[in-house]
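Reviewing the structure listed below.
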């Protein structure tokens, strides 16, 4: 392997798949991103990989398991769908870094297709993410979205983490349950949702009224802003309503993933979706 190959960041379009006998490249970019649409998505951890194995729409390219992980899959009658390569835990450590909790499982897969925003069902709730870049936060939001039966998550192609690695681990299997709609221009996407009858509600600390007091209706799109910056101006202007989350304590702002849970609970409760 050349020096250039060792130093090049791992991209879904340009990364080379693992081959027996070759060393993994330890790179933060390999750990947290995938590659282009033609390259592999990296999934690791029990919930993430087992959910991918259970999803018939997820194409598994390669599967690396420790002996213990392979035994656990067999004990729970989970079909691996491909012949796995049995490796030592340190081999997966070399791929992901020593801090990744992989539980002896790593899969290389194809990305799931991104539905068209025009195909979203006109019922229930969708979440719209305005340039939220932290993969831990997006993964946690996806997990909450799965818990509240959110129909889809809409995010931008740029300024958002790819659906792989850390994000997938944080989502704990929710990648397989909640469609991820990727758009080029968020304002245009919100306009299309408005035109299709969605009630688009932006969440912002400077919102004109408390979300709990807003008369909500289905289909509902809750729009969350980036960490620190909040909603961009054009996003705010495109939403039908901009609301805040009122809280009784001294701290008036929440981490975006926590704000998403609270907003989803309020929305689902007000729309009668908690039954």
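The values are calculated or read from the model by the stated rules, or taken from the named source; none is laboratory data. Quick caveat: nothing in here was measured; it's all calculated off a predicted structure. Cβ placement follows ideal geometry from the backbone for every residue including glycine, while neighbour counts extend to all protein chains displayed.
Worth pointing out:
- The set of residues in region 186-202 that are in a helix (DSSP H, G or I), in contact (Cβ under 8 Å) with a residue 24 or more places away in the chain and more than 17 Å from residue 115 (Cβ to Cβ) comprises 187, 191, 194.
- Residue 260 vs. criteria part of a helix (DSSP H, G or I) and surrounded by 18 or more Cβ atoms within 10 Å (Cβ to Cβ): yes
- Of the residues making up region 241-257, those that are surrounded by 14 or more Cβ atoms within 10 Å (Cβ to Cβ), touching a strand residue (DSSP E or B) at 6+ places or on another chain (Cβ under 7 Å) and not in a helix (DSSP H, G or I) are 241, 242, 243, 244, 245.
- Tally, over region 154-189, of residues that are at positive phi and touching a strand residue (DSSP E or B) at 6+ places or on another chain (Cβ under 9 Å): 2
- Given (1) surrounded by 12 or more Cβ atoms within 10 Å (Cβ to Cβ); (2) modelled with pLDDT under 95; (3) farther than 23 Å from residue 134 by Cα, index of the condition residue 36 fails: (3)
- Any hit, region 97-106, residues being surrounded by 15 or more Cβ atoms within 10 Å (Cβ to Cβ), in contact with a helix residue (DSSP H, G or I) (Cβ under 9 Å, 6 or more places away or on another chain) and part of a strand (DSSP E or B): yes
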